[in-house]
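The values are calculated or read from the model by the stated rules, or taken from the named source; none is laboratory data. None of the values given here were measured: they were computed from a predicted structure. When we count neighbours, we look across all protein chains shown, and the Cβ atoms used for this are built from the backbone with ideal geometry, even at glycine. Ligands, DNA and RNA are stripped out before the accessible areas are found, and what is left, the full protein with its side chains, is counted by its heavy atoms. Shrake-Rupley method; radii C 1.70, N 1.55, O 1.52, S 1.80 Å.
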Amino acid sequence: MPDRRAFVLRALVVIVLVSAVVLRFLTRSPLWLDEALTVNIAARPVSQIPHLLRDDGAPPLYYYLLHYWMAVFGTGDVAVRALAGVCGVINLPIAWLTGYRVGSRWWDLDQAPPEARADREARGRVTGWAVTLLLASSPFAVYYDTEARMYGLVVLLGTLGVLAAVSLLRKPDWLRALGVAAVAAALLYSHYWALYVVFIGGVIALWCSVRGPHLRAARYGLAGLVVACLTFVPWLPTFLFQLKHTGTPWAMPADYTAIVFTFTQFAGGASSPGRALALIFFFLLVLAVFGIPQDKTHVLLDLRTRPGIRLVTAGVLATLLVAIIAAKASGTTFADRYTSVVAFPAILIFAYGLTAVSSRPVRHGILAAAVVLGFAASIPNAQLLRTQAGEVAAAINAQARPGDVIAYCPDQLGPSVSRIVSGHYKQITYPRGTGPAIVDWVDYDAAIARANPFRFAQRVEKLAGNRTIWYVSAPQYQGFGNLCQDIAIDLSRYRTGKTIVANQPADSPFEIYEGMSLERFAAR
């Protein structure tokens, strides 16, 4: 019977991992704004990418990787998203190794008494498999591993960062300190929220370098973080320009409830399985920080906190808190995808919480429930339409003729639609009157304030002449108010309009993240 039970468990683990790999390459949605814009920038010559990113507001590492990836695999939707999917698949075995080493306190396992060593190794295996399965079924990870953006890479780098820190604890030397520096530098060049991670990591390393059992490792780690910051210096002028001129003009800054919101997003957000999974995650968080196993039916809560994961928990929460404070101070926003820098450490905390449960059936039951709920929240991602660009482009492709004009308001709709329209059209965007492939975020609010919807409508009308105007618009964008509706009204002064595609169709089973409408203004 034990052999049969072990076989069933192994078979279930294999099924979970295979399903996780499949889900990371399975989505039918066209690329939405951020993805299409990322691909359009990465497709340019390497020498142009830094300048384009200067106006976009992002660091360059993922764009360079995607540039060379597309040179090999092409620019199709599946191809460009596969880079993130590959990062997600690579992350799974690394997550197991990291979980095992953290759960077993691998850095000083050799010094443990023989009677304690077996228990610590068992705790390491529990943590390793738990974090692997939770990451494999994570709705957050599945979503961003199917998106042509840097967030799958960032989650992978977060895992490598924890692994590098653990390796440094075991053997403090310059080689492993350079490993910490390499991962931290890659994070800094992948997403700017890494600045908060590096800052908090530096504070923790500085604290541990003056007290505690790991003084030498902490000092090497602090030196590694300093080296990472030095590698960021060449990019610093671009970053300072972006900080002053780009920001996040498309959303409002978050408040402190975003910390709780972050953990619910890791569980799948507002979906019913996601809410249920969030309850399990919060339960595991409490067990990880406070839970001391007593026997098969009892767990003691120690308000002094449990030593195994307290620094990781403090680092995650401090990173989120500093990010919110910085967002409020700078006027930038707090988006759930930015929290990918701490996604793996957070999942590691949840996994470690299972080690407080002594009963194997109970532990397996909690983990199984979390995995099932994770997949239940992840599977709809395969059918989820992130944008209506496909529907709009299909309508244009079916009815438009060469020489017709496609106008976009706001310009943020341009990258996703223009990527998949076929034919020779004149395309123009509001507010800057530029082409649709790239969105210029520099002083974006000022550009909206300077633009005039009536003059834009006149320009579109003149550009079209006796050709048809296809007007792609959406009303919900930050800073635009009724400007896009005003353009439609102004266009109707010259010619008759007809709605071809409605924004957010009523028969859609999901809310579409990037909704848009299409109006046809016939030639006079």
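Some notes on this structure:
- Three-way shape label, the range 326-380, alpha-carbon gyration tensor, a/c 1.5: oblate
- Prolate/oblate/rounded label for the range 377-489 (Cα gyration tensor, a/c 1.5): oblate
- Shown in residue order for the range 58-69 are the 3J(HN,Hα) couplings computed by the Karplus curve 6.51 cos²θ - 1.76 cosθ + 1.60 at θ = phi - 60°: 10, x, x, 4, 4, 5, 5, 4, 5, 4, 6, 4 Hz (x for Gly and Pro).
- Modelled this way, with points 7 Å down the Cα-to-C-beta line, the labels at Q458 and K171 are 7.4 nm from one another.
- Over the chain, dividing the summed -39,500 (n - 2.57) contributions of all DSSP H runs of at least 4 residues by the number of residues returns a 222 nm mean residue ellipticity of -19000 deg cm²/dmol.
- Pairwise label distance in nanometres, R304 with E115, each label 7 Å out on the Cα-Cβ vector: 2.1 nm
- For A398 and A79, the FRET efficiency from 1/(1 + (r/R0)^6), where r spans their Cβ atoms and R0 equals 45 Å, is about 0.95.
- Sequence-separation-based contact order of the chain, relative, with Cα cut under 8 Å and 6+ spacing, percent: 17 percent
- C-alpha long axis of helix 114-136 to longest principal axis of the chain, angle in °: 10 degrees
- Computed on the Cα trace of the range 1-156, the radius of gyration divided by the Kirkwood hydrodynamic radius gives Rg/Rh = 1.12.
- Cysteines (scope the chain) whose Cβ has no counterpart Cys Cβ under 4.7 Å: C87, C208, C229
- Solvent-accessible heavy-atom area per residue, rounded to whole Å², over the range 52-141 at 1.4 Å: 38 Å²
- Computed in the context of the full set of protein chains, the accessible area of the range 286-382 at 1.4 Å probe radius has 68% of its extent on carbon or sulfur.
- Diffusion coefficient (Stokes-Einstein, Kirkwood radius over C-alpha pairs, 4 °C, 1.567 mPa s) for the range 128-190: 101 µm²/s, rounded to a whole number.
- Whether the range 170-298 is rounded, prolate or oblate, judged on the alpha carbon gyration tensor where a/c under 1.5 counts as rounded: oblate
- Label-point separation, H424 to R275 (7 Å along Cα→Cβ), nm: 5.5 nm
- 5 angstrom amide H check on M516, placed H, neighbours 5+ away: Q388, Q504
- Computed from backbone phi with θ = phi - 60° and the Karplus coefficients 6.51, -1.76 and 1.60, the 3J(HN,Hα) list for the range 450-460 is 6, 6, 10, x, 5, 5, 5, 4, 4, 5, 5 Hz; x is used for glycine and proline.
- Of the options (i) 47, 26, 19; (ii) 113, 24, 18; (iii) 41, 29, 21, only one is semi-axes √(5λ) of the Cα gyration tensor in Å as computed from these coordinates, and that is (i).
- When you count the other C-beta atoms within 10 angstrom of each residue and take the mean per peptide, 206-216, 439-449, 34-44 line up highest first as 34-44, 439-449, 206-216.
- Highest average packing first - 282-294, 137-149, Cβ atoms within 10 Å: 137-149, 282-294
- Peptides 467-473, 12-18 ranked from most to least packed, by the mean per-residue count of other Cβ atoms within 10 Å: 467-473, 12-18.
- Sulfur and carbon atoms: percent of accessible area, the range 137-207 [1.4 Å]: 79 percent
- Partners of K244 within straight-line reach, counting lysines whose Cα lies under 24 Å from its Cα and excluding those fewer than 8 residues away in the same chain: K328.
- On the basis of the beta-carbon distance and an R0 of 45 Å, N482 and V72 show a calculated FRET efficiency of 0.45.
- Those lysines that a straight Cα-Cα span of less than 23 Å connects to K498, excepting residues fewer than 8 apart in one chain: K426, K462
- Whole-number D in µm²/s for the range 71-172 (Stokes-Einstein; Kirkwood sum over Cα pairs; 10 °C, 1.306 mPa s): 108 µm²/s
- 3J(HN,Hα) from dihedral phi, the range 145-162, Karplus parametrisation 6.51/-1.76/1.60, rounded to Hz, x for glycine, proline: 7, 10, 10, 7, 9, 7, 6, x, 4, 5, 4, 4, 5, x, 5, 4, x, 5
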